[in-house]
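S.K.: Supplied in structure tokens, the structure appears directly below.
The values are calculated or read from the model by the stated rules, or taken from the named source; none is laboratory data. Values in this document were obtained by computation on a predicted structure and should not be read as measured data. Positions of Cβ are generated from backbone atoms using ideal geometry, with glycine treated the same way; all protein chains shown enter the neighbour counts.
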């Protein structure tokens, strides 16, 4: 399927788990640069491996969504790294 998102930048929150990880992989298969965020560095690393195995580009960001300052800092990092976000998955 071609969703027309090749080259877009996507942020998937809570991407270390099943649903978020699957969404990240699906977006990568469509050609999006995928930024993944979550609390566990280990689970994000596993998702990043799956994204790369699918031929995608991925950036990982560890933060706890219940901590507002971590969220602000995470968004600042993403903006500095990739310049913006076109797609947001608030999982």
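S.K.: Pick from 74, 17, 7: which is modelled with pLDDT under 95 and touching a strand residue (DSSP E or B) at 6+ places or on another chain (Cβ under 6 Å)?
M.R.: 74
S.K.: Let me ask something additional. Tell me which residues, restricted to segment 24-60, are within 17 Å of residue 9 (Cβ to Cβ), out of contact with any strand residue (DSSP E or B) (no Cβ under 7 Å at 6 or more places or on another chain) and in a helix (DSSP H, G or I).
M.R.: Once the filter is applied, which keeps residues that are within 17 Å of residue 9 (Cβ to Cβ), out of contact with any strand residue (DSSP E or B) (no Cβ under 7 Å at 6 or more places or on another chain) and in a helix (DSSP H, G or I), segment 24-60 yields 25, 26, 29.
S.K.: State yes or no: is residue 48 within 21 Å of residue 25 (Cα to Cα) and under 12 Å from the mean Cα position of the chain (by Cα)?
M.R.: yes
S.K.: How many of the residues making up segment 65-85 are exposed (fewer than 14 other Cβ atoms within 10 Å of the Cβ), at negative phi and in contact (Cβ under 8 Å) with a residue 24 or more places away in the chain?
M.R.: Residues that pass the stated criteria total 1.
S.K.: Out of all the residues in segment 62-74, is one or more in a helix (DSSP H, G or I) and within 26 Å of residue 4 (Cα to Cα)?
M.R.: Checked segment 62-74: no residue is in a helix (DSSP H, G or I) and within 26 Å of residue 4 (Cα to Cα).
S.K.: Looking at segment 44-59, which of the residues that are buried (at least 19 other Cβ atoms within 10 Å of the Cβ) and in contact (Cβ under 8 Å) with a residue 24 or more places away in the chain is nearest to residue 77 (Cα to Cα)?
M.R.: Per the stated criteria, the residue is 58.
S.K.: Additional query: Report yes if residue 14 is in contact (Cβ under 8 Å) with a residue 12 or more places away in the chain and buried (at least 18 other Cβ atoms within 10 Å of the Cβ), otherwise no.
M.R.: Answer is yes for this residue.
S.K.: Does residue 4 count as under 13 Å from the mean Cα position of the chain (by Cα), part of a loop (DSSP other than H, G, I, E, B) and either touching a residue at least 12 places away in the same chain (Cβ under 8 Å) or on the phi > 0 side of the Ramachandran plot (or both)?
M.R.: No.
S.K.: With respect to residue 88, determine if the residue is surrounded by fewer than 19 Cβ atoms within 10 Å (Cβ to Cβ), at pLDDT below 95 and not in a helix (DSSP H, G or I).
M.R.: no
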